[in-house]
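**Student:** Pasting a structure below so you can have a look.
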Amino acid sequence: MCAAVAGLCGCQSSKVRISGRFVGSEARTIYLEEVSPLRQTIVDSTMLSDDGNYRFQLKEVSGMPSLYNVIYNGEYIPLLLAGGDRVEVNAVGSLVRNYTVKGSEESELLRRFYQAFVIGAQRLDEIAQQFAAAENISEERQQELMKQYTDEYFRIRREQLRFIVENPASLAAVYALYQRLPGDVYLFNGDSDVVYYRQVAEAVEQKYPESPYVQSLLSEVARMDARIDLSSKITEMSYPDLEMTDMFGKKIRLSSLAGKVILLDFWSAELGTSNALNADLKEIYARYADKGFEVYQVAIDTSKPLWITSVQEQQLPWASVTDLRGRASSSLALYNVQQLPANFLIDRDGSIVAKNLYGKSLESKLAELIR
């Protein structure tokens, strides 16, 4: 009965067991590392038995798959583990080249990508070493090695992209997005790689909506969108333009206020810390609105009802807009906003002349700009 309704009653096990056998090395200690979007932490270690067996057991593991590394003899095996998993990881000889995984579909899928990627990277390193070590190498041999390297490099890249496209709803695809060959900065082609990130982000969000990796992916997509958006805009203003929707569904561009002194203000109804600041701003707005002062206020929220209620209750008289993407909003990346609230004051010529001004400081600057 418990198994049948585990997803509803929450009685699914939160324990994870990892066991197996490693042979072919003199190393005896094996480590288990937990990997989050922010840090990597060794959570356990154990000694191999005389015949190479080992075992880990974790408690209170989320039902959402998370990334762990089994580390042994200077190599590591990535696993995607969820509460209730009973995983067997075995290897003979080279850990990465020969390991197998049983008991976790996500971990097995990850093995298919990771093993091929690492073996390919090792092959590139071997070719590079041959090139560097050769003395009095002929030009013909140089060209041969360079061709081998180039062919292998692009083969790995094609397989990496194919894996991502064919498995977008897997957390293994998230892992594959961030793997780089030596010297590479981008997955493939800079910010245009956003097509792959977006495909994975949308698919993983559908399958694992509560995964901690979803928000990181969405933020990455937002940053890439913002950079593309910024580089594609051709305007006379010296500030990045924005276009967002107000509570009535009307799209409003920041640039539509050009020619006025504009306060671009970032806030959040969900945080509930901006009521007093909005009250002060309303007083300043009342004194300067008819002299050419406007406010373009961006709500960094995800709840439309909460945002609309807050705007109505506070009777905010200016352009109040949002994209309802919260911290994944591309506007934050465009203006490099690290914390809320935040604001930018733009003069009539379109130049950002000040930031994070409130109360008397804001009014003093406005008096200087509006004469």
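The values are calculated or read from the model by the stated rules, or taken from the named source; none is laboratory data. The structure displayed is predicted, hence computed values, not measured ones. Cβ atoms come from the backbone with ideal geometry, glycine included; neighbour counts cover every protein chain shown. For the accessible areas, the whole protein counts, side chains as well, though only heavy atoms, and no ligand, DNA or RNA atoms are used. Shrake-Rupley method; radii C 1.70, N 1.55, O 1.52, S 1.80 Å.
**Student:** For the chain, what is the largest minus smallest coordinate of the Cα atoms on each principal axis, given in angstrom and ordered from greatest to least?
**Tutor:** 82, 70, 33
**Student:** Would you compute, from DSSP H runs of 4+ residues alone, the mean residue ellipticity of the chain at 222 nm, taking -39500 (n - 2.57) per run and dividing by the full residue count, rounded to the nearest 500?
**Tutor:** It comes out at -12500 deg cm²/dmol, rounded to the nearest 500.
**Student:** Right, next: In the structure displayed, which of Lys207/Lys251; Lys251/Lys304; Lys260/Lys355 lie more than 20 Å apart, Cα to Cα?
**Tutor:** Among Lys207/Lys251; Lys251/Lys304; Lys260/Lys355, the Cα-Cα distance tops 20 Å for Lys207/Lys251.
**Student:** Now for a separate question. Within a Cβ distance under 12 Å of Val200, other residues only, what is the Lys/Arg minus Asp/Glu net charge?
**Tutor:** The answer is -3.
**Student:** Relative to the longest principal Cα axis of the chain, at what angle does helix 212-232 sit, 0 to 90 degrees, rounded to 10?
**Tutor:** Roughly 60 degrees between the two axes.
**Student:** Sorted by accessible area with a 1.4 angstrom probe, largest first, how do Asp125, Asp290, Asp193 fall?
**Tutor:** Asp290, Asp125, Asp193
**Student:** Read phi for every residue in region 56-61 and hand back ³J(HN,Hα) as whole Hz from Karplus 6.51 cos²θ - 1.76 cosθ + 1.60, θ = phi - 60°, with x for Gly and Pro.
**Tutor:** Karplus-based 3J(HN,Hα) across region 56-61 equals 10, 9, 10, 10, 6, 8 Hz.
**Student:** Give the share of C-alpha pairs in each 10 angstrom bin for region 246-349, from 0 to the last occupied bin, in whole percents, shortest bins first.
**Tutor:** 14, 51, 32, 2
**Student:** Something else about it: Tell me which GluC sites (Glu not before Pro) from region 20-63 have a DSSP coil assignment and no more than 10 other beta carbons within 10 Å of their own.
**Tutor:** When the GluC sites (Glu not before Pro) of region 20-63 are filtered for loop state and at most 10 Cβ neighbours within 10 Å, Glu26, Glu60 remain.
**Student:** Right, another one. Stick to the Cα atoms of region 46-93, pair each with every other, and give me the Kirkwood hydrodynamic radius in Å at one decimal.
**Tutor:** Hydrodynamic radius (Kirkwood, Cα pairs) of region 46-93 is 12.2 Å.
**Student:** Can you tell me the 0 to 90 degree angle between the C-alpha axis of helix 359-369 and the longest principal axis of the chain, rounded to 10?
**Tutor:** The answer is roughly 70 degrees.
**Student:** Got a number for the accessible area of Lys59? Probe 1.4 Å, square angstrom, nearest 10.
**Tutor:** 150 Å²
**Student:** With every protein chain left in place, what is the accessible area of Lys291 in Å² (1.4 Å probe, nearest 10)?
**Tutor:** Lys291 has an accessible surface of roughly 110 Å² with all protein chains in place.
**Student:** Still on this structure: Give me the compactness ratio for region 94-155, meaning the Cα radius of gyration over 2.2 N^0.38 Å.
**Tutor:** Rg over 2.2 N^0.38 Å, computed on Cα atoms: 1.50.
**Student:** So if I average 1/r over every pair of distinct C-alpha atoms in region 141-207 and take the inverse, what Kirkwood radius in Å does that give?
**Tutor:** 12.9 Å
**Student:** Given C-alpha coordinates of region 48-156, what is the ratio Rg to Rh with the Kirkwood estimate of Rh?
**Tutor:** Using only Cα positions, Rg/Rh for region 48-156 is 1.14.
**Student:** Tell me the angle of helix 304-314 to the major Cα principal axis of the chain, expressed in degrees between 0 and 90 and rounded to the nearest ten.
**Tutor:** Between the helix axis and the principal axis of the chain, the angle is about 30 degrees.
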